[in-house]
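Some notes on the structure that comes next.
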Amino acid sequence: DIALICLQAAPAALVGIIAVPSEPTEFLGRALSGWSEVAGRTLAGEPFDFAIVTTLVDREDIRQRLLRAGVESEHIV
């Protein structure tokens with residue numbers, strides 16, 4: 001929630017949100033994507049500049065999954 005509020009004041013656009021297991025499939029009216037939709041720096045075919053991890057749980061696991069999907073380390077925040 002806080003990340004989305006902060007995003008409204010930033011010169012950036014939200015491309016999508018990746019759901020982790022046991023989360024809902026929708027957040028604030030937006031459909032959530034799955035890990036299978038991450039390929040390099042695209043999510044469901046939409047290019048993105050940065051992947052922003054906003055959870056405090058399993059951060060390193062999420063970072064490793066992004067790296068395996070082809071997201072370069074310097075594009076993970």
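The values are calculated or read from the model by the stated rules, or taken from the named source; none is laboratory data. Everything numeric here is computed off the predicted structure, so don't read it as measured data. Cβ: placed from backbone, ideal geometry, glycine included. Neighbour counts: every protein chain shown.
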query = Of all residues in the stretch 3-39 being of a type in the set (A, V, I, L, M) and not in a loop (DSSP other than H, G, I, E, B), which is farthest from the chain's Cα centre (by Cα)?
reply = ILE5
query = Among the residues of the stretch 29-37, is any surrounded by fewer than 14 Cβ atoms within 10 Å (Cβ to Cβ) and among the basic types (Lys, Arg)?
reply = yes
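Restrict the check to the stretch 40-48 and report whether at least one residue is surrounded by 15 or more Cβ atoms within 10 Å (Cβ to Cβ) and in a helix (DSSP H, G or I).
No, there is no match, as no residue in the stretch 40-48 is surrounded by 15 or more Cβ atoms within 10 Å (Cβ to Cβ) and in a helix (DSSP H, G or I).
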task = Filter the stretch 19-49 for residues that are in contact with an Asp or Glu (Cβ under 9 Å, 6 or more places away or on another chain) and under 19 Å from GLU74 (Cβ atoms) and give the result.
result = GLY40, ARG41, LEU43
inquiry  = Please pick out the residue among LEU66, LEU32, LEU56 that is at pLDDT 90 or above and not hydroxyl-bearing (Ser, Thr, Tyr).
reply    = LEU66
